[in-house]
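Down below is the structure, laid out as structure tokens.
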Amino acid sequence: PPQRSRRCGGALPTWQQATILTLAFLALASPARGQRIGPNVPATTGTPIQTEPQVAAFGNTLVAVWYRDDTYRFSRSGWGLSLDDGGTWTDGGEFPLADPSRDGIWGQPTVCVDHSGRFYGAMVYSADWWGVAVYRGSPQGGSLLWEGPLYAVSPTLIPGYNLQRALDAVRLTCDPERGYLYLSYTRSQAVANGQYQYTIQFVRSLDGGTSWSAPLVLSSGIASNGSRPAVGPNGEVYVVWEDFSTRQIVGRRSADFGASFGPPFVVGDIRDNLGTLPP
């Protein structure tokens, strides 16, 4: 708590003395250490273009996901596994498709891990129409057995959709205590004069990805992208994104595990040279 100014030599309360002495001891006993960056370790052995990586860790087990652009129609998403805290990696190949002759994965892979060590991957998935697929990875014999695709957002025709923009910027996070899954993404839809409307949407799963809620629209503007969900210390859910029309980082908070969200709040202003539409 704030203290009134006092004369030099005035006695400090006992709690302040203890804090100051403790901090002084830590400062003397623990000199600053520089970070040591280890060598680059390849997590994949594939040859196609690979981008958009993300990593999740459970103890010494790390899982990485990435987008692999093989061809325009048959794009995929790959994954890798490390059992020694990232020292060495095994390229796990590609996530399975429900119908390899028809389906494709179109980037934006994301990964998280729950309190039991089960990994979850999510990505934009095309099965004639656009959706968001989720895979569950269970440890098995030094590898992961992926189950899926399960649909967090069912493949549907989005009116006036553009192949590059129908669904974008998928991000998944796991509640570290309860195992709930929270997923946010951008949905774009054509409006007048060839322009697109970009909104942030949110879905959740309370049963490990088996079923998902109906989408909630979180953004009030029409030019938002780049959302990120996060779980607070008491289980509250935060989602933040950039509103390109106001050039602000905006967020909303849920106190009921993603069932509803409070009003938007502004994190801060941001400067960019991208105009008023997301890239």
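The values are calculated or read from the model by the stated rules, or taken from the named source; none is laboratory data. Fair warning: this is a prediction, and the values are worked out from it, not measured in the lab. Methodologically, a virtual Cβ is constructed for each residue, glycine included, from the backbone with ideal geometry; neighbour enumeration extends over all protein chains shown. With ligands, DNA and RNA removed, areas are computed over all heavy atoms of the protein, side chains included. Shrake-Rupley method; radii C 1.70, N 1.55, O 1.52, S 1.80 Å.
State which residue is modelled with the lowest pLDDT when the search covers only the stretch 96-128 and only residues that are part of a loop (DSSP other than H, G, I, E, B) and closer than 23 Å to Asp175 by Cα.
Top of the filtered list is Gln108.
Which of the residues that make up the stretch 197-244 are assigned to a strand (DSSP E or B) and under 13 Å from Leu172 (Cβ atoms)?
Within the stretch 197-244, Phe202, Val203, Arg204, Ser205, Ser227, Arg228, Pro229, Ala230, Val231, Val237, Val239 qualify.
Can you say whether Leu172 is touching a strand residue (DSSP E or B) at 6+ places or on another chain (Cβ under 8 Å) and closer than 26 Å to Arg118 by Cβ, as far as the supplied structure shows? Quick ask: steps written out before the conclusion?
Values: touching a strand residue (DSSP E or B) at 6+ places or on another chain (Cβ under 8 Å): yes; closer than 26 Å to Arg118 by Cβ: yes.
Taking the combined requirement at face value, the residue satisfies it.
Hey, any hits in the stretch 160-168 for a residue that's among the aliphatic types (A, V, I, L, M), at pLDDT below 95, part of a loop (DSSP other than H, G, I, E, B) and closer than 24 Å to Ile105 by Cα? Outline the logic, then answer.
The first filter runs over the stretch 160-168 and keeps only residues among the aliphatic types (A, V, I, L, M), leaving 163, 166-167.
Next cut, at pLDDT below 95 only: 163, 166-167.
Those left that are additionally part of a loop (DSSP other than H, G, I, E, B): 163, 166.
From the residues that got through so far, the ones that are closer than 24 Å to Ile105 by Cα too are 163, 166.
Yes; the residues of the stretch 160-168 include at least one that is among the aliphatic types (A, V, I, L, M), at pLDDT below 95, part of a loop (DSSP other than H, G, I, E, B) and closer than 24 Å to Ile105 by Cα.
Scan the stretch 176-208 residue by residue and report those that are at pLDDT 95 or above and among the polar types (S, T, N, Q).
Correct list: Ser184, Gln201, Ser205.
Go over the candidates Ser211, Ser205, Ser143, Ser154 one by one and state the one that is open to solvent by 20 Å² or more (accessible area, probe 1.4 Å) and under 26 Å from Leu81 (Cβ atoms).
Criteria check complete, one pass: Ser143.
Does the stretch 103-110 contain at least one residue that is surrounded by fewer than 18 Cβ atoms within 10 Å (Cβ to Cβ) and in contact (Cβ under 8 Å) with a residue 24 or more places away in the chain?
no
Criterion first (under 18 Å from the mean Cα position of the chain (by Cα), surrounded by fewer than 17 Cβ atoms within 10 Å (Cβ to Cβ) and part of a strand (DSSP E or B)) does Arg253 satisfy it?
Yes.
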